[in-house]
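Report on the structure given below.
The values are calculated or read from the model by the stated rules, or taken from the named source; none is laboratory data. Keep in mind it's a predicted model, so treat the numbers as computed, not measured. Neighbour counts run over all protein chains shown; Cβ positions are idealised from the backbone, glycine included.
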Amino acid sequence: MNRLDTRNPDFAQQFHALHDWDANLDPQIEERVREIVAAVRDRGDAALREYTERFDGLHTDSSVDLEIPRNHWEQALHGLEPGQRAALEKAAQRIRSYHEHQRSTSWTFTETDGTVLGQRILPLSRVGIYVPGGKAAYPSSVLMNAIPAHVAGVQEIIMTVPTPQGQVNPWVLAAAAIAGVDRVFCVGGAQAVAALAYGTESVPAVDKIVGPGNIYVATAKRMVFGRVGIDMIAGPSEILVISDSSAPAEWLAWDLLSQAEHDELAQSILISWDDEHIESVLTAVDTALAVLDRAPIARKSWADRGAVIRVRDRGEACTIADRIAPEHLELAVADPEDWLADIHNAGAIFMGIHSCEALGDYVAGPNHVLPTGGSARFSSALGVYDFIKRSSLIHVSPAGAAQLGRIAEGLAQGEGLTAHARSAACRIPKAGS
């Protein structure tokens, strides 16, 4: 675990090493992903089956359907314990309720000369949702990706999920049944992204691909962008906790480890100006690691990428938080509302000591698909607005064309575009007409 102190003369160098670390360092990954994408694009299901057998250990000859039948989802849903099903359904209800507030409507306005301008908003026709299924299964990701698409009015939602050794988590299938998914395919990795982008005999091509995945999935999404839309290039998960010592150290230890247990590359950072509190949290982390189920993963994440940053005061804490632009920011402070004006870059902000990131992951309502790697400086959480498209509406009246035509003609002549100028000018009434 890295220990940094803003009072030390080498802080800037240490912070740079911590913050500018890059997980995407292996050039062989891009080459391998390029091969996979090209093979699926060119050979469709045949390549998809080969990669599914090679990477997931699932034999799928031409007689085996790559699609998981809907009755399997229903069986998974009915097979859950009542408490488990109730938890999924309550989480889905809260996520749906939150995202319904994000709905946008088309609009127009009429100018004095009768010209009508506006914007038409329509849902995407078909989207693909990638759900991870490697080191852990994530039914919450099904809900977070599918529900805003469903709220937006997307006509068809296609889900892909890797099934190592043919096993698919029943929670994932149950979540698909609850969230409004239309079809599910047992493929994962870069090959699933390629199938969604280009289509195969079994998997339909989509308009946009959303959902987190490993470095192979992220690289494939970057590669097919332009052919299809994507939500973002997701990196390892991150949490930054700013604490004024008002939260119990044990609580913060679990908060930090809630990200560390995701992945060895995940990053957990604590910022505080209270030395005694810092030491208490570190002790609590050691205690928690001794009983954590995924301790080997969390321990490596905490050792390699975890950090404690000792700052002088609140101002430094906010400045550093903005430079990090974390995926998850916990303001574990007494008066979190007072901090908001000084925080500008974060995917999600958890305000107060009771607002732990784990609640946001599952049931609070806002989306847990968030920008990582500092991209919260310019990017936002997944939402309904990621599943719509906007078309400008321009209905110019005769009087409007006369006025606007003269302006456009002059601008076009200034740019040396004669056809533009004449196109605008011919809408201007001739004198005496």
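Table for the structure above
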{"read-out": "Glu111 vs. criteria among the acidic types (Asp, Glu) and either within 23 Å of the chain's Cα centre (by Cα) or assigned by TED's automatic domain parsing to the domain that holds Leu359 (or both)", "value": "no"}
{"read-out": "Ala358, sole failed condition from (1) closer than 24 Å to Ala92 by Cα; (2) in the same structural domain as Gln259 (by TED's automatic domain parsing); (3) within 17 Å of the chain's Cα centre (by Cα); (4) buried (at least 22 other Cβ atoms within 10 Å of the Cβ)", "value": "(4)"}
{"read-out": "Subset of the stretch 355-374 [out of contact with any helix residue (DSSP H, G or I) (no Cβ under 9 Å at 6 or more places or on another chain) and at pLDDT 95 or above]", "value": "Leu359, Gly360"}
{"read-out": "Matching entry among Ala401, Ala334 (being out of contact with any strand residue (DSSP E or B) (no Cβ under 8 Å at 6 or more places or on another chain), on the phi < 0 side of the Ramachandran plot and assigned to a helix (DSSP H, G or I))", "value": "Ala401"}
{"read-out": "Any hit, the stretch 283-305, residues being modelled with pLDDT of 95 or more and in a strand (DSSP E or B)", "value": "no"}
{"read-out": "Selection count, the stretch 211-256, where residues are of a type outside the set (D, E, K, R), out of contact with any Phe, Trp or Tyr (no Cβ under 7 Å at 6 or more places or on another chain) and outside any loop (DSSP other than H, G, I, E, B)", "value": "22"}
{"read-out": "Single match in Leu48, Leu66, Leu80, Leu88 (criterion: surrounded by 12 or more Cβ atoms within 10 Å (Cβ to Cβ), of a type in the set (A, V, I, L, M, F, W, C) and either in contact with a Cys (Cβ under 7 Å, 6 or more places away or on another chain) or not assigned by TED's automatic domain parsing to the domain that holds Val184 (or both))", "value": "Leu66"}
{"read-out": "Residues that are surrounded by fewer than 21 Cβ atoms within 10 Å (Cβ to Cβ), within 21 Å of Trp254 (Cβ to Cβ) and touching a Ser or Thr at 6+ places or on another chain (Cβ under 7 Å), drawn from the stretch 311-336", "value": "Ala334"}
{"read-out": "Residues of the stretch 151-169 that turn out to be over 23 Å from Ala190 (Cα atoms) and either modelled with pLDDT under 95 or surrounded by fewer than 22 Cβ atoms within 10 Å (Cβ to Cβ) (or both), as a count", "value": "2"}
